[in-house]
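Visitor: Quick one: this structure, given as structure tokens, is what I'll be asking you about.
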Amino acid sequence: MSGGTYYVPEQSRLPIWASFGLFLTVFGAANWINGSSAGPWLFFAGGLTFAAVLWNWFSIVISENMAGLNSPQLKHSYVIGMGWFIFSEVMFFAAFFGALFYIRTLALPWLAGEGDGGASSELLWPGFEAQWPLMTTPDMAVNGEEALRKGPEQSMSWPGFGALLGWLPFWNTVILLSSSVTVHFAHTAIKNNNRKQFNIMLGVTVLLGFIFLILQAEEYIHAYQELGLTLESGIYGSTFFMLTGFHGAHVTMGTVMLLIMWLRSVLKGHFKPDDNFGFEAASWYWHFVDVVWVGLFFAVYVFG
Amino acid sequence: MAHGPAKGITRWLYTTNHKDIGSMYLWFSFAMFFLGGIFALVIRAELFQPGLQIVDPNFFNQMTTMHGLVMVFGAVMPAFVGLANWMIPMQIGAPDMALPRMNNWSFWILPFAFAMLSSTLFMEGGAPNFGWTFYAPLSTTYAPPSVTFFIFAVHIMGASSIMGAINIIATIVNMRAPGMTYMKMPLFVWTWLITAFLLIAVMPVLAGVVTMMLMDIHFGTSFFDAAGGGDPVLFQHIFWFFGHPEVYIMILPAFGIVSAIIPTFARKPLFGYSSMVYATAAIAFLSFVVWAHHMFTVGLPIAGELFFMWATMLIAVPTGVKVFNWVATMFKGAMTFETPMLFSIAFVILFTIGGFSGLMLAIAPADFQYHDTYFVVAHFHYVLVPGAIFSITAGVYYWLPKWCGNMYNETMGKVHFWLAFIGLNVTFFPMHFSGLAGMPRRIPDYNMMFADWNMISSVGAFLFGAAQVMFLYNVIATIVGGKKATAEVWENPEGLEWTVPSPAPYHTFSEPPEFKSSH
């Protein structure tokens, strides 16, 4: 037990198991991708181990807090930790946004002969013209139907104001923005000790998250089956699916986090007006995912 | 929290103690230092003479790649995190790191990650062979199958670094003893605070770029493939956006260590504390806007060449502030030359040489001549070996008596220093000449005209390697026995860590200590 004011936990088996689970997950993934039949088994065994450790880890932290071990100073450590974790996520997305901007504004014009590349464009990719969305790849410009790297048949770009109401990304934007508002209402509700409203607002947020994910899946199916837009559709497909895909993965994470917070409130009565950082951290994450979407909406869809 | 460490192996597996975790980081780093050193010696043995003697070219490439990766991610970075773990809580008067369990998680990821990375040496097609900078398309289209394992190893060691950095920031921001305002923190704490910020900002970018590689290799995307509209140069931009702050991640904590040691042995307070802090922050800021100086010859627009050239040369200003600061601290000091001080003075001199060759490389038109030659190898080894490695070594000698309660063997420490100092200069100084004469890096065979300098370099490398065995022996001998150290260890050193007994009790500062600053 802590002799001082700051609670330093005793020995814990969690970290070593978390490391092992994480290792097994990625080791399995690498084996799977490289075609080893043991890969999927290792991957799922690792994923389950990791999930089990996290479950335990969070339960222990929650019970420590409920036992009153966490001083305000320690709670502040969690607040700082979550803030900087979100900053790291911002930088992860920055890499993909940066790639998109670089390709659009610099790389494609250069491939088409702008700049001081001399004759290289004419020699390597004769006839290639820069455009965005990139429907005709350099490979197609040179090799036509024989090309290995083909662009999409149709893109996901802005359909004009007339078609706005039938445009799925618009509705996804409405849904996510609304969910940011509802999760904020939930936060206000718990601060005002209004459990019922907290549960309703948080439940609505989770529901909106699910709807967003279903629509996103719908969009992907539409892209693959009708637009000829896949991960392999040249750089447009690469940036489109990696940006929206990682965003979708983060929405999934955020929805699961909020769902767990909702279950904790509904089933266990967790969270107090002045002690609800577990929920608040998840809501920060949700707002972050929302902001990324706004960036995506403009960079990938509207000005796509 | 009153009791001491647990018994047996579980002490290390399950620990939440910053000192235990710091020790594990340091030992892990030491092990990786020797592993990466063996790889380096394979390289130097092959390059002893022109022609192919010992290894085939593909294996040679695997050695250069693994040497770089193991030294950067396995030796230097974990060593600094180990020192941070040991020293930051003691220097700010905290009972432990802010998030002790996550601290142990950050550490234990590393052995797994490096086991996975090292296992690629035994895989079909061999280990990664595309250089530690893993430029596409060498690392994508032409990579061995083991690249997948490399990518995932980078992912989890990145996760480890980010968690470690978050922990360090939370500790420094939240757990300082009352009265220790930001501008009263020891410089090692300051430099680590800024380093941690850099880590959180750029490790995710590294994760992003290896993810793009993974997708290009296995899932048909075109990020680095011009045929699909991508660009291999995009890889270099993203990599170096990570890579340049990364090289400051490997040097800023070194500045902190040296700024602690020089005042102790010059018996004068640091000449200019706040200018040191601001210079560190300025270097960190500039590190984000200079990345393309690694890419001058790739075909950048002239405006880009100029911007990155001038921005890079600006770094010399805050770095100069630091170097003059250390020199001015020593000026008219009552200097003595114990081992940590020897390593620190060598740091100041040799790091400055590395800085000057960096200035030469920053000049874009000149860089067209130096690029990808041994001159570059000489440059970055001068900032990393006497920079990062010497400062870590200095830090170990400086704080080892505090950690284990015994004094190290001073004579052996000095012999270690001189062997390492001579060894590194004999190894790396001739590389300036072979590089300026045009010898390209990352090749197993070379023209006869480079033979003499290479032979000298190889002799120096084995001398340097042998010196480190002596270091290992000295550290172990000190832990096992030796003269008892006092609480202060040195003559009137500054800092809270010297107010606790040597060895430092398993738990220090359960109650926040009284803090009085001298500056």
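Visitor: Being facing another protein chain (nearest Cβ under 7 Å) and at pLDDT 95 or above narrows it down to one of A:SER19, A:SER2, so name that one.
Guide: Among A:SER19, A:SER2, only A:SER19 is facing another protein chain (nearest Cβ under 7 Å) and at pLDDT 95 or above.
Visitor: Still on this structure: Those residues that are open to solvent by 40 Å² or more (accessible area, probe 1.4 Å) and in contact with a His (Cβ under 6 Å, 6 or more places away or on another chain), I need them from segment B:291-314; list them, please.
Guide: Correct list: B:TRP291, B:THR297.
Visitor: Only one of these is closer than 24 Å to B:ILE151 by Cα and either facing chain B (nearest Cβ under 10 Å) or of a type outside the set (Ser, Thr, Tyr) (or both): A:ALA107, A:ALA112, A:ALA95. Name it.
Guide: A:ALA95
Visitor: Considering only residues that are among the basic types (Lys, Arg) and more than 24 Å from A:VAL300 (Cα to Cα), which ones fall in segment A:133-191?
Guide: A:LYS191
Visitor: Condition first: aliphatic (A, V, I, L, M) and open to solvent by 60 Å² or more (accessible area, probe 1.4 Å). Now tell me which residues in segment A:178-195 satisfy that.
Guide: A:VAL181
Visitor: Now a separate question. Which one is surrounded by the fewest Cβ atoms within 10 Å (Cβ to Cβ), of the residues in segment B:224-256 that are of a type in the set (Val, Ile, Thr) and more than 8 Å from every other protein chain (Cβ to nearest Cβ)? Break it down into steps so the answer makes sense when it comes.
Guide: In the first step, residues of segment B:224-256 are kept if they are of a type in the set (Val, Ile, Thr); the result is B:233, B:238, B:247, B:249, B:251.
Those left that are additionally more than 8 Å from every other protein chain (Cβ to nearest Cβ): B:247, B:249, B:251.
Numbers: B:VAL247: 21, B:ILE249: 28, B:ILE251: 23.
By that ranking, first place goes to B:VAL247.
Visitor: On to the next question. Condition first: open to solvent by less than 30 Å² (accessible area, probe 1.4 Å) and either within 14 Å of chain A (Cβ to nearest Cβ) or among the charged types (D, E, K, R) (or both). Can you find one or more residues in segment B:58-77 that meet it?
Guide: So far as segment B:58-77 goes, no, none of its residues is open to solvent by less than 30 Å² (accessible area, probe 1.4 Å) and either within 14 Å of chain A (Cβ to nearest Cβ) or among the charged types (D, E, K, R) (or both).
Visitor: So, one more: Inside segment B:101-136, can you point out the residues that are in a loop (DSSP other than H, G, I, E, B), among the hydrophobic types (A, V, I, L, M, F, W, C) and open to solvent by less than 40 Å² (accessible area, probe 1.4 Å)?
Guide: Once the filter is applied, which keeps residues that are in a loop (DSSP other than H, G, I, E, B), among the hydrophobic types (A, V, I, L, M, F, W, C) and open to solvent by less than 40 Å² (accessible area, probe 1.4 Å), segment B:101-136 yields B:ALA127, B:PHE130, B:TRP132, B:PHE134, B:ALA136.
Visitor: Further, regarding this structure: Could you give me the residue pairs with C-beta distances under 8 Å whose first residue belongs to segment B:138-158 and is more than 7 Å from chain A (Cβ to nearest Cβ), whose second residue is basic (Lys, Arg) and not in a helix (DSSP H, G or I) wherever it lies, and which are 6+ apart or on separate chains?
Guide: Short answer, once both residue conditions are applied: none.
Visitor: Residue under question is A:ALA141, and the condition is that it be more than 8 Å from chain B (Cβ to nearest Cβ) and free of Cβ contacts under 8 Å to residues at least 24 places away in the same chain; does it hold?
Guide: Yes, satisfied.
Visitor: Right, here's the next one. Which of the residues that make up segment A:118-134 are buried (at least 17 other Cβ atoms within 10 Å of the Cβ) and not in a helix (DSSP H, G or I)?
Guide: Once the filter is applied, which keeps residues that are buried (at least 17 other Cβ atoms within 10 Å of the Cβ) and not in a helix (DSSP H, G or I), segment A:118-134 yields A:TRP125, A:PHE128, A:ALA130, A:TRP132, A:PRO133, A:LEU134.
Visitor: Please enumerate the residues belonging to segment A:141-162 that are assigned to a helix (DSSP H, G or I) and open to solvent by 50 Å² or more (accessible area, probe 1.4 Å).
Guide: A:VAL142, A:ASN143, A:GLU145, A:GLU146, A:PHE161, A:GLY162
Visitor: All but one of (1) within 7 Å of chain B (Cβ to nearest Cβ); (2) of a type in the set (Val, Ile, Thr); (3) touching a residue at least 12 places away in the same chain (Cβ under 8 Å) hold for A:ILE80; which doesn't?
Guide: It is condition (3) that A:ILE80 fails.
Visitor: Of all residues in segment B:338-362, which are over 17 Å from the mean Cα position of the chain (by Cα), open to solvent by 10 Å² or more (accessible area, probe 1.4 Å) and among the hydrophobic types (A, V, I, L, M, F, W, C)?
Guide: Hits for segment B:338-362 are B:LEU342, B:ILE345, B:ILE349, B:ILE353, B:PHE356, B:LEU359, B:MET360, B:LEU361.
Visitor: Grab the helices (runs of 4 or more DSSP H) fully contained in segment B:4-75, keeping just those with 2 or more residues being within 24 Å of B:TYR374 (Cα to Cα).
Guide: B:18-46, B:57-69
Visitor: Does A:ASN70 count as in a helix (DSSP H, G or I) and either open to solvent by 30 Å² or more (accessible area, probe 1.4 Å) or more than 10 Å from chain B (Cβ to nearest Cβ) (or both)?
Guide: For A:ASN70, the condition - in a helix (DSSP H, G or I) and either open to solvent by 30 Å² or more (accessible area, probe 1.4 Å) or more than 10 Å from chain B (Cβ to nearest Cβ) (or both) - is not met.
Visitor: What do you reckon, is A:PHE198 open to solvent by less than 40 Å² (accessible area, probe 1.4 Å) and more than 19 Å from A:GLU232 (Cβ to Cβ)?
Guide: Spelling it out, A:PHE198 is indeed open to solvent by less than 40 Å² (accessible area, probe 1.4 Å) and more than 19 Å from A:GLU232 (Cβ to Cβ).
Visitor: Considering only segment B:154-168, state which residues are more than 17 Å from the chain's Cα centre (by Cα) and under 21 Å from B:GLY208 (Cβ atoms).
Guide: Passing the criteria: B:HIS155, B:ILE156, B:ALA159, B:MET163, B:ILE166.
Visitor: With the requirement that a residue be open to solvent by 20 Å² or more (accessible area, probe 1.4 Å), among the aliphatic types (A, V, I, L, M) and touching a Phe, Trp or Tyr at 6+ places or on another chain (Cβ under 7 Å), what does segment A:215-273 give you?
Guide: A:LEU215, A:LEU231, A:MET257, A:MET261
Visitor: What is the number of the single condition among (1) hydrophobic (A, V, I, L, M, F, W, C); (2) modelled with pLDDT under 95; (3) assigned to a helix (DSSP H, G or I) that A:PHE97 does not meet?
Guide: Result: A:PHE97 fails condition (2) only.
Visitor: I've got another one for you. Within segment A:54-61, identify whether any single residue is crowded, with 17+ Cβ neighbours inside 10 Å, within 9 Å of chain B (Cβ to nearest Cβ) and touching a helix residue (DSSP H, G or I) at 6+ places or on another chain (Cβ under 6 Å), and answer yes or no.
Guide: Yes, there is a match, as at least one residue in segment A:54-61 is crowded, with 17+ Cβ neighbours inside 10 Å, within 9 Å of chain B (Cβ to nearest Cβ) and touching a helix residue (DSSP H, G or I) at 6+ places or on another chain (Cβ under 6 Å).
Visitor: Would you mention how many residues in segment A:221-242 are more than 11 Å from chain B (Cβ to nearest Cβ) and outside any loop (DSSP other than H, G, I, E, B)?
Guide: Qualifying residue count, segment A:221-242: 7.
Visitor: Which one of B:THR191, B:THR221 is within 8 Å of chain A (Cβ to nearest Cβ), hydroxyl-bearing (Ser, Thr, Tyr) and more than 17 Å from B:ALA98 (Cα to Cα)?
Guide: B:THR221
The values are calculated or read from the model by the stated rules, or taken from the named source; none is laboratory data. Computed from a predicted structure; not experimentally measured. Virtual Cβ from ideal backbone geometry, glycine too; neighbours counted across all protein chains shown. Areas reflect the complete protein model, heavy atoms only, side chains present, ligands, DNA and RNA absent. Shrake-Rupley method; radii C 1.70, N 1.55, O 1.52, S 1.80 Å.
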